[in-house]
Amino acid sequence: MTDISALQAVLNGADLMNFMGAMRPFVDQQVLRLRVANFRTDPLLGEKDSVRTSIFESAKKRHGRIIEEALRASLAGSNRFQVWRESKFAISPEAESIANGQSYTDSLLTTLPYGQCKRTIQIDLIVVFDHVEQTISAYEIKRGFGLHDAGKTRQIKRDLHCVQLLLKSYAEQRGFHPTSAQARIIFYYGRRSVKGPMTLCADELDDHFGMAVLSRMQAVDNYFREELAKLVESI
């Protein structure tokens, strides 16, 4: 290893340590909530196994939130990206109508005015403005370990399609001037309920964002897994 590459390795290691220092309190909070939760005892399993089973099931739900926060924090730490959450993205009647008949590819060329509201999407979107490329992107994050049923899959696709149609106008109303907009779903573990160009999985994230985010997300994953194991062993 050259002196330059050795120095870069040290810098990368220090960067990861700083990132984990910021993320640990968030993960610790999720583990604490699992620790103090009041789980019911299943007569078939008994108290100890009931608690452990319930913790694992709840942990999988919390893991999605942890993945999302790890990605948000990774991107927010770069001067390139401005990142925020949008938990109530307004869907207009026109977007709803077009999404039912237009392909996602065609929607990349269509922009509808944001503001009229038929309903709001009650999921958290990570919205990212890229100051280098001058683009706006929105991401819904799924664990992507299991597949959704047909009805849920249709709803996911329709929601994403609607966001795509409205995203550029949404950004303009917030004072940005994006040259383009894209809405994507990240299936972290790679099992994609939705196929096609609207999706990403973990091993595509570094190339997509042009920076190393996956190693940070995996470090957070490992820490959560270790703390979860300690919690279960203590029962």
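The values are calculated or read from the model by the stated rules, or taken from the named source; none is laboratory data. This structure is a prediction, so every number in the text was calculated from the model and none was measured. In this analysis, Cβ positions are derived from the backbone assuming ideal geometry, glycine residues included, and neighbour counts consider all displayed protein chains.
Within the option set Met198, Met211, Met217, being buried (at least 18 other Cβ atoms within 10 Å of the Cβ) and farther than 13 Å from Ile141 by Cβ holds for one residue only, Met198. Inspection of segment 190-207 identifies at least one residue that is farther than 23 Å from Gln134 by Cβ, in contact with an Asp or Glu (Cβ under 9 Å, 6 or more places away or on another chain), in a loop (DSSP other than H, G, I, E, B) and modelled with pLDDT under 95. Can you tell me which residue in segment 36-61 is nearest to Arg225 (Cα to Cα), limited to those that are outside any helix (DSSP H, G or I) and among the aliphatic types (A, V, I, L, M)? Result: Ala37. Quick one: in segment 69-100, of everything that is without any contact (Cβ under 8 Å) to a residue 40 or more places away in the chain and over 14 Å from Thr120 (Cα atoms), which residue is nearest to the chain's Cα centre (by Cα)? It comes out as Ala76. Gly144 meets the stated requirement of being at positive phi and crowded, with 21+ Cβ neighbours inside 10 Å.
Considered as a group, the residues in segment 90-107 that are in contact with a Ser or Thr (Cβ under 9 Å, 6 or more places away or on another chain) and more than 9 Å from Cys162 (Cα to Cα) include one that is modelled with the highest pLDDT, and that residue is Ala90.
Give the residue, chosen from Ser87, Ser74, that is at pLDDT below 95 and crowded, with 16+ Cβ neighbours inside 10 Å.
On the way: Ser87 fails: crowded, with 16+ Cβ neighbours inside 10 Å.
Just one listed residue meets the conditions, Ser74.
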